[in-house]
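Presented below is the structure to which this report refers.
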Amino acid sequence: MLMKKLELHWKILIGMVLGLVFGFVMLQIDGGKGFTNDWIKPLGTIFVKLLKLIAIPLILASLIKGISDLKDISKFKTIGIRTIITYIFTTVIAISIGLMLVNVLQPGNGVSEETISKLTTTYSSNTTVQAKITEATKQVESGPLQFLEDMVPDNAFKALSENRLMLQVIFFSIFLGISMLLIGEKRATPLKNFFDSLNDVVLKMVDLIMLTAPYAVFALLASVVVSSDDPDILVALLQYAGVVVLGLMLMITFYSIIVGTVTKKNPFWFLKEISPAQLLAFSTSSSAATLPVTMERVEEHIGVDKEVSSFVLPVGATINMDGTSLYQAVAAVFIFQALGLDLTFADQLTIVLTALLASIGSAAVPGAGMVMLVIVLESVGLPPELLPIGLALIFAVDRPLDMCRTVVNVTGDAMVAMLVAKSVGKLGEPHVRNWDDHYEEVK
């Protein structure tokens, strides 16, 4: 009965804490790691799959509904321009905070030669590290307008079948929504009704999936703990991780100040309402998997109109990576400090620009930050033979930091949605729907 009364974010927090405790207990038991991977981890994996399952239908339905509801097509242009400008602004702020902290605190100077050689031996030949370098090299070799080329699908159904092609789905949805506006209301009504109904169904699916969230985050965090690396290495990198986490906390503070001053809403209320999405972002390390929950919280619990949220949030999940960009700035300078290499002021400006551009083209999936980091490191002239060593230095703590920076990415998306909604007069009162609103009718 008590669990019923508890708010969702408390249930998820309890699940997270119990998951951490369970994971540590399993590490002490013979066969505990195997048991967790065989019997607990699948529950978390199924939950993430369910969220990814509905991400594309939700973007498609909500974007088309949002655009086809517009009476004035120029309003969409206003929303689009304000969204992109705000995202660029917050990303530059994030990178600047990261650079400021890493230059002042200099975490790289505290890493011993012994730790560097241990990390290099453990990780530099790691297949994941090598794969990230290969992927980043491919991205660097592409042309300057490659991201625009990649945005336009040549097959709508293929785009809809791949979660990583989210920008293509956004492009197709906007194109379809605008075309529906241009054929006139009478002819567009049957299709509009279909997408309206699909949107309601998918949001109900979000409600149902979220009933299992506390159990899923328990499973996700337990599996993260049992698969964590050598504790000694983690301690050696604590200073670096601490600088990243401090930067991410400053970023959340920055968002809260903006929410309080621009939208005149209570920042603590904002953080409370968005907290289930933040906690899921932490557990899954994926903005894309968290997107359905972010949209539901922003629309129903914060009161942002669907016209705004349906564009701002999917675009944000793809191009707005404030947490990841901040981490890149810290990681790049940390690697140079640890390896005893110098970075000029011009190099640091290059980091700002490259991290900004890399964040726009990056995928909203776990580990994408590492690919972006390779691009940043290459842009400031890290010798190719030192690249695997540089990545090995930070690889051990990448997963926990990935969890933290995804929280900032998701919070930034929600904050920008509020800002843009306020600027176009579309920030209203929350209207919460529960999973069982119509249950009595079908019981």
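For the condition part of a helix (DSSP H, G or I), free of Cβ contacts under 8 Å to residues at least 60 places away in the same chain and of a type in the set (Val, Ile, Thr), residue 324 does not qualify. Answer yes or no as to whether residue 257 is surrounded by fewer than 21 Cβ atoms within 10 Å (Cβ to Cβ), under 21 Å from residue 283 (Cβ atoms) and modelled with pLDDT of 95 or more. So residue 257 fails the test.
In the stretch 32-60, the residues that are within 29 Å of residue 160 (Cβ to Cβ) and of a type in the set (Lys, Arg) reach residues that are at pLDDT below 95 and surrounded by 16 or more Cβ atoms within 10 Å (Cβ to Cβ) with C-beta atoms within less than 6 angstrom, at least six apart or across chains, in these pairs: 41/223; 52/163; 52/289. Every condition in (1) more than 29 Å from residue 301 (Cβ to Cβ); (2) over 20 Å from the mean Cα position of the chain (by Cα); (3) of a type outside the set (Phe, Trp, Tyr) is met by residue 174 except one, and the failing one is (1). For the stretch 240-252, the condition of being in contact with a Gly (Cβ under 9 Å, 6 or more places away or on another chain), within 26 Å of residue 423 (Cα to Cα) and hydroxyl-bearing (Ser, Thr, Tyr) holds for none of the residues. Scanning the stretch 375-395 for residues that are surrounded by fewer than 24 Cβ atoms within 10 Å (Cβ to Cβ) and of a type in the set (A, V, I, L, M) yields a count of 7.
Being at pLDDT 90 or above, charged (D, E, K, R) and in a helix (DSSP H, G or I) is a description that does not apply to residue 154.
A single member of 241, 222, 277 is modelled with pLDDT of 95 or more and part of a helix (DSSP H, G or I), and it is 277.
On inspection, residue 235 passes the criterion of being assigned to a helix (DSSP H, G or I), closer than 30 Å to residue 111 by Cα and more than 20 Å from the chain's Cα centre (by Cα).
Looking at this structure, is residue 296 under 30 Å from residue 431 (Cα atoms), touching a Gly at 6+ places or on another chain (Cβ under 9 Å), acidic (Asp, Glu) and part of a helix (DSSP H, G or I)? Criteria not met by residue 296. When the stretch 399-414 is filtered for residues that are of a type in the set (Asp, Glu) and crowded, with 24+ Cβ neighbours inside 10 Å, only 413 remains.
When the test is whether a residue is assigned to a helix (DSSP H, G or I), under 17 Å from residue 383 (Cα atoms) and either at pLDDT 90 or above or out of contact with any Phe, Trp or Tyr (no Cβ under 7 Å at 6 or more places or on another chain) (or both), residue 348 passes it. All of 342, 436, 413 fail the test of being in contact (Cβ under 8 Å) with a residue 24 or more places away in the chain and charged (D, E, K, R), apart from 413. Here 52, 75, 11, 41 are screened, and the one residue that is in contact with a Pro (Cβ under 8 Å, 6 or more places away or on another chain), within 30 Å of residue 207 (Cβ to Cβ) and not small (Gly, Ala, Ser) is 11. On inspection, residue 382 passes the criterion of being of a type in the set (A, V, I, L, M), out of contact with any His (no Cβ under 8 Å at 6 or more places or on another chain) and not in a helix (DSSP H, G or I). Looking at this structure, is residue 145 without any contact (Cβ under 8 Å) to a residue 24 or more places away in the chain, within 27 Å of the chain's Cα centre (by Cα) and closer than 30 Å to residue 394 by Cβ? So residue 145 fails the test. Among the residues of the stretch 157-176, those identified as at pLDDT 90 or above and among the aliphatic types (A, V, I, L, M) are 159, 160, 169, 170, 174, 176.
The values are calculated or read from the model by the stated rules, or taken from the named source; none is laboratory data. It should be emphasised that the depicted structure is a prediction, and the values quoted were computed from it without experimental measurement. Here the Cβ is made from the backbone with ideal geometry for all residues, glycine too, and neighbour counts use every protein chain on show.
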